[in-house]
Each structure stands twice: as C-alpha cells, then as structure tokens.
Amino acid sequence: MSKNNLLNELDDLWTDDMIATKVEEDITNYERKIGKKIGFPIYPDEIASVLWEINTEYPDHVYDESGNDVFGRFDSAKKIIQVSTFMRINDGQVSFTTAHEVGHASMHDFMSSISCGNQDTKRSIKKIEQQAEKYASIILMPRNLTHEAVSMLVGRGLPVDLEVVSPKLMSLLKVSRQALEIRLGNLGYQLMNSRYGVSYERSHEKLFLEIEEERQSKRMV
C-alpha cells in the first residue's frame with residue numbers, strides 16, 4: 001500500500017474514543033518513565049522527548065513542505081518538532097501547537113514524507129489535522145485532572161461561569177480561552193458566558209474544524 005493510500009485509509013481510523021485512549025496510553029507511559037504522576041501545567045515537548053526522543057526547537061521561522069511560513073511542524077525523519085518563536089507571545093498557542101505536533105508524532109508519524117498533490121489526499125490531511133487538534137486538547141487537559149481543577153474552583157455539578165473561572169484555569173493549564181471552552185464543552189460542562197458559543201449540545205467536530213482552520217490560516221508575512 002502506498003503512503004498516500006495509507007493516509008486515505010487512516011483518515012477515519014482515529015475516532016474520538018480512540019484518540020482519548022491513545023492520549024491515556026501516552027500519559028501512562030510517560031508517568032511510568034518519569035516515575036511520578038503528571039500534573040498541570042502539562043509540557044507536551046517533554047512528553048515527546050521522554051516517549052520518542054523527539055526534540056522540540058523554537059526557530060524564528062518554521063516552513064512546511066511547500067516552503068510556507070507556519071506556526072509548527074513535525075519532521076518524523078529528523079525526529080524534530082519545530083514551533084515558531086513568533087508564537088512565544090502567547091503561552092496557550094505555543095503549548096497547543098506543540099501538543100498538536102506531538103499528536104502527529106503519536107498518531108501520524110508517516111506524514112512528513114507524504115505528497116499532498118491530489119484533492120482526496122488533501123481532504124484526508126484535513127481530517128488528520130483535526131485529529132491532532134483533538135489529541136492536543138485532551139493531552140493538555142486530561143479528563144480526571146481537568147475535573148479536579150474545575151471542581152476546586154466551581155464545585156461538582158454546577159454551571160461553569162467562564163468569565164470568573166477562565167483566567168484561573170488558563171493560567172493553571174497554560175491554554176487559550178478557546179481551547180479551554182472547547183475542552184470543557186466536550187467534557188459535558190454547562191458553560192455560562194461562553195465567548196465561542198461552546199456547549200455540550202454544539203457539534204465539537206465543527207469546533208475543532210474551526211480551530212484548525214484558524215491555526216492554519218495564521219501564516220506569517
């Protein structure tokens with residue numbers, strides 16, 4: 001099977017439940033290797049280093065296979081994740097982009113050498129990018145740790161007032177407001193004062209598509 005055919009086969013392989021299970025496996029293996037439980041904030045670059053000996057670099061510019069300036073890239077051949085220093089102005093974006101690339105390392109380590117010439121492959125890559133977004137969301141905000149953090153601030157079973165809670169959670173988790181809202185909505189929390197219209201009733205597939213399109217559109221000039 002060619003690599004492009006493999007990509008088309010894998011675009012639907014990672015269901016939401018499978019991605020969540022993969023994150024749990026990666027965290028468990030990481031905790032076993034470092035000899036302690038993980039806690040907030042979570043550093044995805046350290047996870048990549050410990051699990052797969054992948055280094056993370058922060059150059060001034062990061063280029064994709066077509067020579068475009070992008071925020072982040074995983075090179076499986078060189079075992080390197082690159083995140084542009086341009087992003088260091090925002091800890092949440094840096095962390096999420098790094099975690100996104102760690103998702104590729106965990107689930108899609110064949111991607112660096114794939115040609116993206118035909119439309120079917122481009123559609124498959126779009127789905128795979130969404131999978132990496134979901135991986136990033138889960139690994140930065142694991143279910144149990146996130147429940148504990150929210151419970152300490154809000155209490156169990158109560159609506160989450162994002163205007164009150166978001167600054168504290170964003171500081172603790174080192175994530176952006178949008179990423180936080182998506183994850184809390186995905187976990188089933190009733191949210192108040194959402195800036196992005198996030199709730200557990202809304203399609204999270206659409207939300208992850210929106211955040212990925214926003215991330216990909218932010219080319220540097």
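The values are calculated or read from the model by the stated rules, or taken from the named source; none is laboratory data. This structure is a prediction, so every number in the text was calculated from the model and none was measured. Virtual Cβ from ideal backbone geometry, glycine too; neighbours counted across all protein chains shown. Only protein heavy atoms, including side chains, enter the accessible area calculation; ligands, DNA and RNA are left aside. Shrake-Rupley method; radii C 1.70, N 1.55, O 1.52, S 1.80 Å.
Order the following by accessible area, largest value first: Phe96, Phe86. Probe radius 1.4 Å; ligands, DNA and RNA are ignored. Before the final figure, lay out the partial values.
Details: Phe96 20, Phe86 110 Å².
Of Phe96, Phe86, the descending order of accessible area is Phe86, Phe96.
Give the calculated FRET efficiency between Lys78 and Leu158 to the nearest 0.05, with a Förster radius of 35 Å applied to their Cβ-Cβ distance.
With a Förster radius of 35 Å, E is 0.15.
Report ³J(HN,Hα) in whole Hz for each residue of the stretch 67-78, in order, from the Karplus equation J = 6.51 cos²θ - 1.76 cosθ + 1.60 where θ = phi - 60°; Gly and Pro get x.
Each residue's phi maps through the Karplus curve to give x, 7, 6, 10, 6, x, 7, 10, 9, 5, 5, 8 Hz.
Starting from 0.36 nm per residue, how many nanometres of slack lie between Glu24 and Asp91 once their C-alpha separation is accounted for?
Gain on stretching Glu24 to Asp91: 21.8 nm.
Enumerate the residues in the stretch 37-62 having an amide nitrogen under 14 Å from the point lying 7 Å beyond the Cα of Leu172 toward its Cβ.
Only 39-42 fall inside the zone, counting backbone N under 14 Å.
Over the heavy atoms of Met152, what accessible area does a 1.4 Å probe trace out, to the nearest 10 Å²?
150
I'd like the trypsin sites (Lys or Arg not before Pro) in the stretch 121-196 restricted to DSSP loop residues with at most 15 other Cβ atoms within 10 Å, sorted by number.
Sites meeting the loop and neighbour criteria: Arg156, Arg195.
Considering only DSSP states other than H, G, I, E and B, which trypsin sites (Lys or Arg not before Pro) in the stretch 18-52 qualify as loop sites with at most 12 other Cβ atoms within 10 Å? Mind showing how you got there, number by number?
On the way: sites: Lys22, Arg32, Lys33, Lys36, Lys37; in loops: Lys36, Lys37.
The qualifying sites are Lys36, Lys37.
Which residues among the stretch 30-72 fall inside the zone where the amide N is under 15 Å from a point 7 Å beyond the Cα of Asp109, along Cα→Cβ?
What the label zone holds, given the 15 Å backbone N cut-off, is 30, 47-56.
Share of Cα-Cα pairs in the stretch 20-61 beyond 11 Å, in percent? The partial results should precede the final answer.
Values: 586 of 861 pairs.
When all Cα pairs of the stretch 20-61 are counted, 68 percent exceed 11 Å.
Give me the net charge for the shell around Leu191: Cβ to Cβ below 9 angstrom, other residues only, Lys and Arg +1, Asp and Glu -1.
Result for the local shell: -2.
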